[in-house]
Amino acid sequence: SFHWQNYPDVLKSMPFFNYLWNTIKISVFVCLGTLVTSGMAAYAFSRLCFPGRDMLFYIYLATLMIPRQVILIPNFLLFRRLGLLDTHWALILSGTFTAYGTFLLRQFFLTIPRELEEAAVVDGYGYFSRFVRIIIPLAKPALTTLLIITLLNIWNEYLYALVFLQSDHTRTLTLGLALLRGDFDIKWNQVMAATIFSIAPIVVVYLSAQRYFVEGIALTGIKG
(Lines give C-alpha, C1' and ligand atoms only; values in the text may rest on other atoms or scores of the structure.)
Protein backbone atom coordinates (compact mmCIF):
# COMPACT_ATOMS: atom_id res chain seq x y z
CA SER A 1 0.00 0.00 0.00
CA PHE A 2 1.04 3.59 -0.59
CA HIS A 3 1.87 5.77 2.39
CA TRP A 4 1.48 9.30 1.13
CA GLN A 5 2.20 10.71 4.57
CA ASN A 6 5.91 10.16 3.98
CA TYR A 7 6.04 13.11 1.60
CA PRO A 8 4.63 15.71 4.04
CA ASP A 9 6.88 14.24 6.73
CA VAL A 10 9.94 14.95 4.58
CA LEU A 11 8.92 18.58 4.11
CA LYS A 12 8.48 18.94 7.86
CA SER A 13 11.70 17.20 8.88
CA MET A 14 14.05 19.46 6.91
CA PRO A 15 14.02 22.71 4.89
CA PHE A 16 13.56 20.81 1.65
CA PHE A 17 12.64 23.76 -0.56
CA ASN A 18 15.70 25.68 0.60
CA TYR A 19 17.92 22.74 -0.33
CA LEU A 20 16.09 22.43 -3.65
CA TRP A 21 16.56 26.13 -4.43
CA ASN A 22 20.28 25.92 -3.61
CA THR A 23 20.67 22.92 -5.89
CA ILE A 24 18.77 24.56 -8.74
CA LYS A 25 20.78 27.79 -8.43
CA ILE A 26 24.11 25.99 -8.45
CA SER A 27 23.04 23.72 -11.32
CA VAL A 28 21.90 26.64 -13.49
CA PHE A 29 25.14 28.57 -13.05
CA VAL A 30 27.31 25.50 -13.60
CA CYS A 31 25.41 24.42 -16.72
CA LEU A 32 25.50 27.89 -18.27
CA GLY A 33 29.16 28.34 -17.42
CA THR A 34 30.06 24.93 -18.81
CA LEU A 35 28.22 25.56 -22.08
CA VAL A 36 29.93 28.93 -22.54
CA THR A 37 33.48 27.91 -21.63
CA SER A 38 33.37 24.50 -23.34
CA GLY A 39 31.72 25.94 -26.43
CA MET A 40 34.27 28.71 -26.89
CA ALA A 41 37.21 26.37 -26.19
CA ALA A 42 35.82 23.75 -28.58
CA TYR A 43 35.40 26.36 -31.30
CA ALA A 44 39.00 27.47 -30.87
CA PHE A 45 40.33 23.91 -31.01
CA SER A 46 38.19 22.92 -34.00
CA ARG A 47 38.13 26.06 -36.18
CA LEU A 48 41.02 28.35 -35.32
CA CYS A 49 44.55 27.68 -36.55
CA PHE A 50 47.38 28.66 -34.21
CA PRO A 51 50.77 27.13 -33.35
CA GLY A 52 50.58 24.20 -30.94
CA ARG A 53 46.82 23.88 -31.16
CA ASP A 54 46.69 20.08 -31.33
CA MET A 55 49.36 19.62 -28.66
CA LEU A 56 47.55 22.02 -26.33
CA PHE A 57 44.31 20.15 -26.91
CA TYR A 58 45.93 16.79 -26.11
CA ILE A 59 47.41 18.21 -22.90
CA TYR A 60 44.04 19.63 -21.95
CA LEU A 61 42.38 16.32 -22.77
CA ALA A 62 44.91 14.46 -20.61
CA THR A 63 43.42 16.15 -17.54
CA LEU A 64 40.51 13.73 -17.88
CA MET A 65 42.78 11.07 -16.40
CA ILE A 66 43.03 13.04 -13.15
CA PRO A 67 40.10 12.23 -10.80
CA ARG A 68 38.32 15.14 -9.14
CA GLN A 69 39.18 13.67 -5.75
CA VAL A 70 42.87 14.30 -6.43
CA ILE A 71 42.40 18.07 -6.82
CA LEU A 72 39.95 18.36 -3.92
CA ILE A 73 42.57 19.56 -1.41
CA PRO A 74 44.17 22.13 -3.78
CA ASN A 75 40.69 23.47 -4.57
CA PHE A 76 39.88 23.66 -0.88
CA LEU A 77 43.06 25.63 -0.13
CA LEU A 78 42.43 27.93 -3.08
CA PHE A 79 38.83 28.71 -2.17
CA ARG A 80 39.77 29.18 1.47
CA ARG A 81 42.36 31.75 0.45
CA LEU A 82 39.77 33.47 -1.75
CA GLY A 83 37.22 33.44 1.06
CA LEU A 84 34.71 31.37 -0.90
CA LEU A 85 34.26 28.50 1.55
CA ASP A 86 30.67 27.90 2.66
CA THR A 87 29.44 29.73 -0.43
CA HIS A 88 27.88 28.39 -3.59
CA TRP A 89 30.62 29.98 -5.67
CA ALA A 90 32.98 27.23 -4.55
CA LEU A 91 30.82 24.58 -6.20
CA ILE A 92 30.07 26.76 -9.22
CA LEU A 93 33.68 27.59 -10.03
CA SER A 94 34.94 24.06 -9.37
CA GLY A 95 32.35 22.52 -11.71
CA THR A 96 32.25 25.04 -14.56
CA PHE A 97 35.39 24.13 -16.51
CA THR A 98 35.50 20.61 -17.94
CA ALA A 99 37.74 19.00 -20.51
CA TYR A 100 35.06 16.44 -21.32
CA GLY A 101 32.66 19.16 -22.45
CA THR A 102 35.32 20.70 -24.65
CA PHE A 103 36.10 17.34 -26.22
CA LEU A 104 32.41 16.56 -26.78
CA LEU A 105 31.66 19.86 -28.50
CA ARG A 106 34.89 19.86 -30.50
CA GLN A 107 34.04 16.50 -32.03
CA PHE A 108 30.63 17.81 -33.03
CA PHE A 109 31.97 21.09 -34.40
CA LEU A 110 34.28 19.14 -36.70
CA THR A 111 31.23 17.64 -38.43
CA ILE A 112 29.86 21.08 -39.38
CA PRO A 113 30.86 21.97 -42.97
CA ARG A 114 33.46 24.72 -43.22
CA GLU A 115 31.70 26.08 -46.31
CA LEU A 116 29.09 27.64 -44.05
CA GLU A 117 31.74 29.66 -42.26
CA GLU A 118 33.46 30.57 -45.51
CA ALA A 119 30.19 32.03 -46.76
CA ALA A 120 29.89 33.99 -43.52
CA VAL A 121 33.42 35.35 -43.98
CA VAL A 122 32.36 36.71 -47.36
CA ASP A 123 29.48 38.49 -45.63
CA GLY A 124 31.94 40.09 -43.22
CA TYR A 125 31.31 37.99 -40.10
CA GLY A 126 34.07 37.77 -37.53
CA TYR A 127 34.97 34.80 -35.35
CA PHE A 128 32.48 35.63 -32.62
CA SER A 129 29.63 36.30 -35.06
CA ARG A 130 30.28 33.01 -36.86
CA PHE A 131 30.36 31.18 -33.54
CA VAL A 132 27.07 32.66 -32.32
CA ARG A 133 25.08 32.75 -35.55
CA ILE A 134 26.27 29.59 -37.30
CA ILE A 135 27.95 27.12 -34.97
CA ILE A 136 25.67 27.45 -31.94
CA PRO A 137 22.34 27.00 -33.81
CA LEU A 138 23.70 23.91 -35.60
CA ALA A 139 25.12 22.41 -32.40
CA LYS A 140 21.89 22.19 -30.41
CA PRO A 141 22.04 18.36 -30.10
CA ALA A 142 25.61 18.43 -28.73
CA LEU A 143 24.85 21.36 -26.42
CA THR A 144 21.77 19.58 -25.09
CA THR A 145 23.78 16.43 -24.49
CA LEU A 146 26.42 18.35 -22.57
CA LEU A 147 23.71 20.18 -20.65
CA ILE A 148 22.08 16.96 -19.45
CA ILE A 149 25.39 15.31 -18.52
CA THR A 150 26.54 18.40 -16.62
CA LEU A 151 23.19 18.73 -14.88
CA LEU A 152 23.29 15.11 -13.72
CA ASN A 153 26.83 15.51 -12.38
CA ILE A 154 26.28 18.73 -10.46
CA TRP A 155 22.80 17.73 -9.24
CA ASN A 156 24.23 14.59 -7.63
CA GLU A 157 27.45 16.22 -6.39
CA TYR A 158 28.12 15.13 -2.82
CA LEU A 159 31.84 15.11 -2.02
CA TYR A 160 32.61 18.72 -3.00
CA ALA A 161 29.37 19.91 -1.41
CA LEU A 162 30.23 18.10 1.81
CA VAL A 163 33.68 19.70 1.96
CA PHE A 164 32.84 23.24 0.83
CA LEU A 165 29.42 23.82 2.45
CA GLN A 166 29.05 23.88 6.23
CA SER A 167 26.02 26.08 6.98
CA ASP A 168 22.49 24.75 6.86
CA HIS A 169 21.26 27.55 4.59
CA THR A 170 23.86 26.68 1.91
CA ARG A 171 23.31 22.91 1.83
CA THR A 172 22.15 21.11 -1.31
CA LEU A 173 19.73 18.23 -1.79
CA THR A 174 22.42 15.56 -1.58
CA LEU A 175 23.52 16.85 1.82
CA GLY A 176 19.90 17.11 2.91
CA LEU A 177 19.29 13.47 2.04
CA ALA A 178 22.35 12.49 4.07
CA LEU A 179 20.85 14.23 7.12
CA LEU A 180 17.99 11.73 7.12
CA ARG A 181 20.47 9.06 8.18
CA GLY A 182 20.68 9.16 11.95
CA ASP A 183 23.43 7.82 14.18
CA PHE A 184 21.43 4.77 15.25
CA ASP A 185 18.64 4.44 12.70
CA ILE A 186 17.78 5.39 9.13
CA LYS A 187 14.37 6.72 8.19
CA TRP A 188 14.12 4.75 4.98
CA ASN A 189 10.58 5.85 4.27
CA GLN A 190 11.58 9.52 4.34
CA VAL A 191 14.78 8.81 2.44
CA MET A 192 12.82 7.20 -0.38
CA ALA A 193 10.24 9.99 -0.43
CA ALA A 194 12.96 12.67 -0.49
CA THR A 195 14.74 10.79 -3.27
CA ILE A 196 11.58 10.86 -5.39
CA PHE A 197 11.35 14.62 -4.81
CA SER A 198 15.00 15.11 -5.77
CA ILE A 199 15.01 13.10 -9.00
CA ALA A 200 11.71 14.46 -10.33
CA PRO A 201 13.23 17.65 -11.88
CA ILE A 202 15.99 15.62 -13.55
CA VAL A 203 13.47 13.22 -15.08
CA VAL A 204 11.43 16.13 -16.43
CA VAL A 205 14.49 17.78 -18.00
CA TYR A 206 15.66 14.53 -19.56
CA LEU A 207 12.27 13.64 -21.03
CA SER A 208 11.84 17.11 -22.49
CA ALA A 209 15.29 17.01 -24.14
CA GLN A 210 15.48 13.30 -24.92
CA ARG A 211 15.34 13.75 -28.69
CA TYR A 212 18.27 16.16 -28.75
CA PHE A 213 20.19 14.01 -26.27
CA VAL A 214 19.94 10.87 -28.41
CA GLU A 215 20.78 12.83 -31.55
CA GLY A 216 23.81 14.41 -29.91
CA ILE A 217 25.15 11.05 -28.72
CA ALA A 218 24.66 9.58 -32.18
CA LEU A 219 26.37 12.40 -34.06
CA THR A 220 29.22 13.24 -31.68
CA GLY A 221 32.48 11.53 -32.59
CA ILE A 222 31.67 10.78 -36.23
CA LYS A 223 34.69 12.76 -37.33
CA GLY A 224 37.86 12.74 -35.22
³J(HN,Hα) across the range 19-33 via Karplus (A = 6.51, B = -1.76, C = 1.60, θ = phi - 60°), whole Hz, x for Gly/Pro? 5, 5, 5, 4, 5, 5, 4, 5, 5, 5, 5, 5, 5, 5, x
Starting at the first residue of the range 62-79, write each ³J(HN,Hα) from the Karplus equation 6.51 cos²θ - 1.76 cosθ + 1.60 with θ = phi - 60°, in whole Hz, x for Gly and Pro. 5, 5, 5, 7, 9, x, 5, 5, 5, 9, 5, 5, x, 5, 4, 5, 5, 5
Is the shape of the range 82-169 rounded, prolate or oblate, going by the alpha carbon gyration tensor and its root eigenvalues a ≥ b ≥ c, with a/c under 1.5 for rounded and a/b larger than b/c for prolate? prolate
Determine the per residue accessible area of the chain with all protein chains present and a 1.4 angstrom probe, expressed in square angstrom. 58
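Summing Lys, Arg as +1 and Asp, Glu as -1, what charge do residues with Cβ under 13 Å from the Cβ of Met40 carry, Met40 excluded?
The answer is +3.
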Once both labels are modelled 7 Å past Cα along the beta-carbon direction, what's the Lys25-Met65 spacing in nm? 4.0
Would you tally the net charge around Leu177, using a Cβ to Cβ cut-off of less than 12 Å, leaving Leu177 out, and scoring K and R as +1, D and E as -1? +3
The range 1-57, accessible surface, carbon-and-sulfur percent (1.4 angstrom probe): 74
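What do you get for chymotrypsin sites (Phe, Trp or Tyr not before Pro) in the range 1-77 restricted to DSSP loop and a cutoff of at most 12 other Cβ within 10 Å of the site's Cβ?
Answer in residue order: Phe2, Trp4.
Stokes-Einstein at 37 °C, 0.692 mPa s, Kirkwood radius from Cα pairs: D for the chain in µm² s⁻¹?
Values: Rh = 19.7 Å.
Result for D is 167 µm²/s.
Could you size up the charge dipole of the chain around its Cα centre, putting +1 on the beta carbon of Lys and Arg and -1 on that of Asp and Glu, and report it in debye to the nearest 20?
Dipole of the chain, to the nearest 20 debye: 200 debye.
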Given the Cα-Cα distance of Glu115 and Phe50 and 0.36 nm per residue of separation, how much length would full extension add, in nm? 21.4 nm
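The values are calculated or read from the model by the stated rules, or taken from the named source; none is laboratory data. Source: prediction; values computed, not measured. Backbone-built Cβ (ideal geometry, glycine too); neighbour counts: all protein chains shown. Quick note on the areas: whole protein, heavy atoms, side chains included, nothing else; ligands and nucleic acids left out. Shrake-Rupley method; radii C 1.70, N 1.55, O 1.52, S 1.80 Å.
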